[in-house]
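*Asks:* Structure below; questions to follow.
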Amino acid sequence: MQEGEQSLHFAPTSSAPRRGSVAEGGSLPAFAAQLGTGCRSAWFQVGPEAWLCSDVVAFSTRPAPPWFLPTAPSGDGLPFRYYFAGPSGARGYRNLLEFDVAEPAFEFDEGFAIAVVQERIVQGERYARTRRGLWVRLAEFVPARPSTFRGSELTEAERDLSFAWVVVDRAPLYRRVGSTFVPTGHAKARFERVGWFEEVRTPFSAYARIDAEVWIRSSDVRHPTRAEPPADERIARGSRWLDIDLASQTLVAYEGDRPRFATLVSTGRGKEGSPLSTPLGLHRIWVKLLATTMDNLEDESASSYYRIEDVPYVQFFAKGVGIHAAFWHRSFGHVRSHGCVNVAPSDAAFLFAFTGPVVPSGWSAALPTRLDGGTPVRVR
């Protein structure tokens, strides 16, 4: 758990398995109370098979929030404001009075990222408190500039997936003259969506027709492909599942055999079976986290170190491999990650709400239950 979070349990006892967690300041309804071990006061039922020790709560007269309130991210799709430590690094302190007079609680190397939840101006300087409770001087950081790319929620007419996205900065357009392709002098920009109606291969390249008479190099775009559903009775009845195609670097979200959403991804850059690869096969989401820190600081063999605090909208499906937002690059459509499936922030927020288990409002994490299982994820 992150600092300041409290565990939710499947039963009113601290020995029961974890059901999820709630962040400090989270507002939850209470449906029942019951005495149990591991809690001096009563345990409160705050959701289906979800119990919280009342020792760590304060009562409120405000109305209880709706059971499920999807996160309403900012225009860039992120739940927090993110910053990267600058070239000289940065320091974090437990409180503002310790700046420049005490040892820092943490030192951030260049490129380490933080999530900011509060800002203050003191004597003309801007300071910020991270989600992990440290204060930093913002002059030592630069703001993140996440990609604004968004995938497509699919209409009935689009469910044949006859489209693609440009994944290079400038994709030249061509017209076909016999068996050759001649540049038109025009081009498409990165992340523009184009049609995909047929593909022709030549001895030197491959071209896709994107309009009645306009062609584009196939290597400059990524085309999502239809997939047969896994053999699962619930999926046959219309349950949701995700299909990730490593070859095209795309993800399609389905309800049964109907595509509902499609987008670009960046999967692991390692070869199949290596530590940096995205594992093939059929998996299930085993935990969802509103945010979690990812780093390699304990890897003594690493050639360089990274630390990204509070990576948002994380859905683990194969041990430590999951789907999550990436606000530090815009290489969607190309392999890039350490094994996880990177998606643009707005797409990560959409998928977080689309899949199970549900993360109710006020919760920071949720594990599957008998009635709210983890959504299947197929990697092929």
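The values are calculated or read from the model by the stated rules, or taken from the named source; none is laboratory data. Computed from a prediction, not measured in an experiment: that's the story for all the values here. Here the Cβ positions follow ideal geometry from the backbone for every residue, glycine too, while neighbour counts run over all protein chains shown.
*Asks:* Can you report the number of residues in the stretch 9-30 which are in a loop (DSSP other than H, G, I, E, B), within 17 Å of A42 (Cβ to Cβ) and touching a residue at least 40 places away in the same chain (Cβ under 8 Å)?
*Replies:* First pass over the stretch 9-30, keeping only residues in a loop (DSSP other than H, G, I, E, B): 10-17, 23-30.
Filter once more, keeping what is within 17 Å of A42 (Cβ to Cβ): 10-16, 28-30.
Adding the requirement that they be touching a residue at least 40 places away in the same chain (Cβ under 8 Å) leaves 10-11, 28.
Qualifying residue count, the stretch 9-30: 3.
*Asks:* Still on this model: Would you be able to say whether some residue in the stretch 113-120 is closer than 19 Å to A325 by Cα, of a type in the set (G, A, S) and modelled with pLDDT of 95 or more?
*Replies:* Filtering the stretch 113-120 down to residues closer than 19 Å to A325 by Cα leaves 113-117.
If we keep only those that are of a type in the set (G, A, S) too, we end up with 113, 115.
Among the residues that remain, those that are also modelled with pLDDT of 95 or more are: 113, 115.
Within the stretch 113-120 (the criterion being closer than 19 Å to A325 by Cα, of a type in the set (G, A, S) and modelled with pLDDT of 95 or more), the answer is yes, since at least one residue qualifies.
*Asks:* Can you pull out every residue in the stretch 196-226 that is surrounded by fewer than 17 Cβ atoms within 10 Å (Cβ to Cβ) and within 20 Å of F261 (Cα to Cα)?
*Replies:* Scanning the stretch 196-226 gives F197, T225, R226.
*Asks:* Please list, ordered by residue number, the strands (runs of 3 or more DSSP E) wholly in the stretch 275-331 having 3 or more residues that are without any contact (Cβ under 8 Å) to a residue 24 or more places away in the chain. Spell out the reasoning first.
*Replies:* Numbers: elements: 281-284, 287-295, 307-318, 321-325.
Passing ranges: none, list empty.
*Asks:* Another question about this same structure. Given the conditions (1) without any contact (Cβ under 8 Å) to a residue 40 or more places away in the chain; (2) within 21 Å of the chain's Cα centre (by Cα), which single one is not true for G238?
*Replies:* Every listed condition holds for G238 apart from (2).
*Asks:* Within the stretch 93-102, is even one residue touching a residue at least 40 places away in the same chain (Cβ under 8 Å), more than 21 Å from the chain's Cα centre (by Cα), part of a strand (DSSP E or B) and closer than 20 Å to H329 by Cβ? Show your work before the answer.
*Replies:* Step one: list which residues in the stretch 93-102 are touching a residue at least 40 places away in the same chain (Cβ under 8 Å), which gives 93-95.
Imposing the further condition that a residue be more than 21 Å from the chain's Cα centre (by Cα) reduces the set to 93-95.
Cutting the leftovers down to part of a strand (DSSP E or B) gives us 93.
Checking which are closer than 20 Å to H329 by Cβ leaves us with none.
Looking for residues that are touching a residue at least 40 places away in the same chain (Cβ under 8 Å), more than 21 Å from the chain's Cα centre (by Cα), part of a strand (DSSP E or B) and closer than 20 Å to H329 by Cβ, one finds none in the stretch 93-102, hence no.
*Asks:* Follow-up. Does the stretch 170-184 contain any residue that is within 30 Å of Y254 (Cβ to Cβ) and surrounded by 13 or more Cβ atoms within 10 Å (Cβ to Cβ)? Full working, then the answer.
*Replies:* Our first condition is that a residue be within 30 Å of Y254 (Cβ to Cβ); within the stretch 170-184, this holds for 171.
Then drop every residue that is not surrounded by 13 or more Cβ atoms within 10 Å (Cβ to Cβ), which leaves 171.
Among the residues of the stretch 170-184, at least one is within 30 Å of Y254 (Cβ to Cβ) and surrounded by 13 or more Cβ atoms within 10 Å (Cβ to Cβ), which makes the answer yes.
*Asks:* Of the residues in the stretch 103-127, how many are within 24 Å of the chain's Cα centre (by Cα) and within 30 Å of V22 (Cβ to Cβ)? Show your work before the answer.
*Replies:* Taking the stretch 103-127 first, the residues within 24 Å of the chain's Cα centre (by Cα) are 108-118.
Restricting the remaining residues to those that are within 30 Å of V22 (Cβ to Cβ) gives 108, 112-118.
So the answer is 8.
*Asks:* Taking A139, is it hydrophobic (A, V, I, L, M, F, W, C), over 21 Å from the mean Cα position of the chain (by Cα) and surrounded by fewer than 17 Cβ atoms within 10 Å (Cβ to Cβ)? Even if it seems obvious, please write down each step before you answer.
*Replies:* Details: hydrophobic (A, V, I, L, M, F, W, C): yes; over 21 Å from the mean Cα position of the chain (by Cα): yes; surrounded by fewer than 17 Cβ atoms within 10 Å (Cβ to Cβ): yes.
For A139, the condition - hydrophobic (A, V, I, L, M, F, W, C), over 21 Å from the mean Cα position of the chain (by Cα) and surrounded by fewer than 17 Cβ atoms within 10 Å (Cβ to Cβ) - is met.
*Asks:* When D245 is evaluated against the numbered criteria (1) more than 23 Å from S152 (Cα to Cα); (2) surrounded by 11 or more Cβ atoms within 10 Å (Cβ to Cβ); (3) assigned by TED's automatic domain parsing to the domain that holds L280, which criterion, by number, is the only one it fails?
*Replies:* (1)
*Asks:* Now, a different point. Consider the stretch 18-64. How many of its residues are small (G, A, S) and either over 27 Å from the mean Cα position of the chain (by Cα) or surrounded by fewer than 18 Cβ atoms within 10 Å (Cβ to Cβ) (or both)?
*Replies:* The first filter runs over the stretch 18-64 and keeps only residues small (G, A, S), leaving 20-21, 23, 25-27, 30, 32-33, 36, 38, 41-42, 47, 50, 54, 58, 60, 64.
If we keep only those that are either over 27 Å from the mean Cα position of the chain (by Cα) or surrounded by fewer than 18 Cβ atoms within 10 Å (Cβ to Cβ) (or both) too, we end up with 25, 27, 30, 32-33, 36, 38, 41-42, 54, 58, 60, 64.
Of the residues in that region, 13 qualify.
*Asks:* Right, something else. Can you give me the ranges of the strands (runs of 3 or more DSSP E) entirely in the stretch 151-252 with at least 1 residues that are hydroxyl-bearing (S, T, Y) and over 24 Å from A353 (Cα atoms)? Step through it out loud before you land on a result.
*Replies:* Numbers: elements: 163-166, 170-177, 180-189, 193-195, 198-201, 206-209, 215-217, 240-245.
Qualifying strands (runs of 3 or more DSSP E): 170-177, 180-189, 206-209.
*Asks:* Would you confirm whether any residue within the stretch 331-348 is touching a strand residue (DSSP E or B) at 6+ places or on another chain (Cβ under 7 Å) and among the charged types (D, E, K, R)?
*Replies:* Within the stretch 331-348 (the criterion being touching a strand residue (DSSP E or B) at 6+ places or on another chain (Cβ under 7 Å) and among the charged types (D, E, K, R)), the answer is yes, since at least one residue qualifies.
Condition check ((1) within 29 Å of V142 (Cα to Cα); (2) among the polar types (S, T, N, Q)) across all residues:
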| residue | (1), (2) |
| --- | --- |
| L280 | no, no |
| H283 | no, no |
| K288 | yes, no |
| S304 | yes, yes |
| Q315 | yes, yes |
| A318 | no, no |
| L351 | yes, no |
| P357 | no, no |
| A365 | yes, no |
